[in-house]
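The values are calculated or read from the model by the stated rules, or taken from the named source; none is laboratory data. If you're wondering where the values come from, they're calculated on a predicted model, not measured in any experiment. Ideal geometry is used to build each Cβ from the backbone, glycine not excepted, and the neighbour counts take in all protein chains shown. Areas reflect the complete protein model, heavy atoms only, side chains present, ligands, DNA and RNA absent. Shrake-Rupley method; radii C 1.70, N 1.55, O 1.52, S 1.80 Å.
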Amino acid sequence: MVEDIPKNPSFSLDDAFSDTDDNDPSIEFSSIAIRADLARAVSYSQVNEGLGDAEELPYLDAAGDTTESLPEPPSDGDISSPALDVNQLSAKFDSVSLSESPVEKPSNEEDHHDIQNRPGVTENRHGRRHSRNDGDSEVRHHAVCSDESHAPLDASQESQLSSSPPEQTPDTPVSVSESERPIERPTGQTVHIRTPSQPSTPVTTPSTASTPPLPLPFHKPTRSTGPSVFERVISKTRPSFLPPKSKNEDQKHMADWENMMKRSRAAEEKRRNALQERRLARELHVEQSLNIWEKEILPDWKIVYRNSVMRKLWWAGIPTKLRATMWERAVGNSLALSQDTYRICLARANRALSAGTFPTTSLGLIEQDVQNTLPSLHIFSADSGPMYADLKDMLYAWVVSRSDEGLGYVPGTARIAAMILLNMSAGPGFIVLKNLLERHCMRSFYGGLSTKDDVEAYYRIFDTLLADGMPKTSNLPSAYLRDWIVPLFIDHLPFEACARLWDVILLEGDAFLYRACLAMLAVLESRLFFPDNQELLDLLRGENKAALEVARREGRPMNGGKYEIYGVDEETLWDRIEFMDNWWKESTWNRLLRRELPDI
């Protein structure tokens, strides 16, 4: 036990916060003082083990007031107590030790006076200085300590804790044993409560197993539903790399932009209404010209090759009533198929299906192709489509008719067969289907690997025509041309536009087929200048994200032709086709055909 050390009579509470501490010769720092401060901090951390950084144990001074600091450093006897391990201290502070011995007897009385005579100022384990006069922190930590402790103090201790701290006089020495009284905390450690004169009496608190730690306050995050502060102040009419506008100028420009967009939408709506009126007027004219068709063209349909007026009438569209007859005559029957050809091929297909010898690959392709054929019409759907069975029968018969050549099913055939079935019965329609797909260009794209060289030749022809008509547009025809030709535009254009194109394609042949492809590119020309090749391919496939979003916002149908989202309709397409009369020459087509495909 260390003997009582008298306090320096010249040191008072006010001196602890004096600005002249550095000039006070009575305050000195020695190795024992530094080691005692370090030992005090470690003792405090051991006492608070398991409570975490969020909880600070309070300290009761001699008057019963609570502080956030620890008591003054213990004596030599306390350092060797079970609450503080000497070996642990030696391992932690060897690198900062100022003496050879962990605990050294002070060589003079001033070192002990320097440690003991600082009644109102303590220092916690974070190195912060605290005064026992800090009322707010004392009340808060005293409340936490009172909540955690389950063992109430006796009457004498409560009276000491509730009494106000007496003013210590310099001539009243306080020994280390009188200034500290230990209390055992839940972790088995000892906390010293400073009392003025009574002997130290340990008070043991119950185990922490029955006292859970106080939960930390939880702040529930909230999500704003309105515009953020940044969105309210950012300018939407000037790029971010330019100086900001004033608020009035920004509001004026925003109003101008909204008016401009309103006028643009109104102009686009007016243009669509004008095109719709043109289409209705043209269809009315076609129906009114039925008498001319029956008298002039129906008896001798080849008059259209000799008479430019009749040819122009054909280009305007065939009346719906005469379309089946005119298509049969325009396609012809170069294969010399009989009227029983469809019945024979369908019977062979049914026998193969019953025997299980029909190619399973073709069956899967046919089913998938039928499901994707003209979904907006709902007449070829598997559930309730009235023409679903007829379309599959025609495709089965077509696969059987090609089996002798070793050819299978080609996806896209269902579109052509469906368009034919919408205009004529299955028997005559099968003959039209067979002869149409035997034309050289269609035969090349439907011929599989055996006609790969011919397909490459047609790509070169189209590339040359594209360079002549639209020199600024340069892309690979192989990326999109096959998707247009195999279904004959049914996947990409509205149904009415396809029907009118078919009227002329069946009359004019492969030359007009390529002319229609060039016209489609001309409509899309303003959208084709993409630096990214993937964006260009998405556009040509009808999958441009920006155009799809605009179409959804404007309420356009999304289950029709893929290019309807780009504003490609019948009247717009035919405007481009008629504009090509200025540079399109049949002689150029024939010359390129002889150069690339000399055998036909």
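So which chymotrypsin sites (Phe, Trp or Tyr not before Pro) in the stretch 475-553 end up in coil per DSSP with only 13 or fewer other C-beta atoms within 10 Å?
Details: sites: 480, 484, 489, 495, 502, 512, 514, 529; in loops: 480, 489, 529.
Of the chymotrypsin sites (Phe, Trp or Tyr not before Pro), the ones in loops of the stretch 475-553 whose Cβ has at most 13 other Cβ atoms within 10 Å are 529.
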query = Mind checking the dipole of the stretch 491-535: about its Cα centre, +1 per Lys or Arg Cβ, -1 per Asp or Glu Cβ, Debye to the nearest 20?
reply = 100
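Which whole-number percent gives the relative contact order of the stretch 272-420, counting Cα pairs below 8 Å spaced six or more residues apart? Could you put the intermediate results ahead of the total?
Numbers: 94 pairs, mean separation 26.7, N = 149.
Here the relative contact order equals 18 percent.
For the stretch 378-459, what does the alpha-carbon gyration tensor say about shape, rounded, prolate or oblate, given a ≥ b ≥ c as the root eigenvalues, a/c under 1.5 as rounded, and a/b over b/c as prolate? Show your work: numbers first, answer last.
Working: a/c = 2.09, a/b = 2.01, b/c = 1.04.
Taking the square roots of the gyration eigenvalues as a ≥ b ≥ c, the stretch 378-459 is prolate.
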ask   = Is there a pair in 312/392; 392/434; 262/545; 302/434; 295/321; 312/585 whose C-alpha atoms are over 25 Å apart, and which pairs would that be?
value = 312/392
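So which trypsin sites (Lys or Arg not before Pro) in the stretch 469-542 are both in a DSSP loop and have at most 16 other Cβ atoms within 10 Å of their Cβ? Present the calculation step by step, with values, prior to reporting the outcome.
Numbers: sites: 472, 482, 500, 515, 527, 541; in loops: 472, 541.
Sparse-neighbourhood loop trypsin sites (Lys or Arg not before Pro): 472, 541.
In whole percent, how big is the carbon plus sulfur part of the accessible area of the stretch 307-394, probe 1.4 Å, protein atoms only?
On the way: 2570 of 4870 Å².
Carbon and sulfur atoms account for 53 percent of the accessible area of the stretch 307-394.
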key: GluC sites (Glu not before Pro) restricted to DSSP loop in the stretch 338-444 with at most 16 other C-beta within 10 Å   = 405, 438
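Order 392-400, 579-587, 344-352 from most to least packed using the mean count of other Cβ atoms within 10 Å.
On the way: 392-400: 22.8, 579-587: 11.1, 344-352: 16.8.
Peptide ranking by packing, descending: 392-400, 344-352, 579-587.
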ask   = Using θ = phi - 60° and the Karplus form 6.51 cos²θ - 1.76 cosθ + 1.60, what ³J(HN,Hα) does each residue of the stretch 562-578 get, whole Hz, x for Gly and Pro?
value = 4, 8, 5, 5, 8, x, 7, 10, 4, 5, 4, 5, 6, 4, 5, 5, 5
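Just the number, please: Stokes-Einstein D of the stretch 440-526 in µm²/s, Kirkwood Rh from C-alpha pairs, 25 °C, 0.890 mPa s. Intermediate results must be reported in sequence, preceding the final value.
Working: Rh = 13.5 Å.
Using the Kirkwood radius from Cα pairs, D works out to 182 µm²/s.
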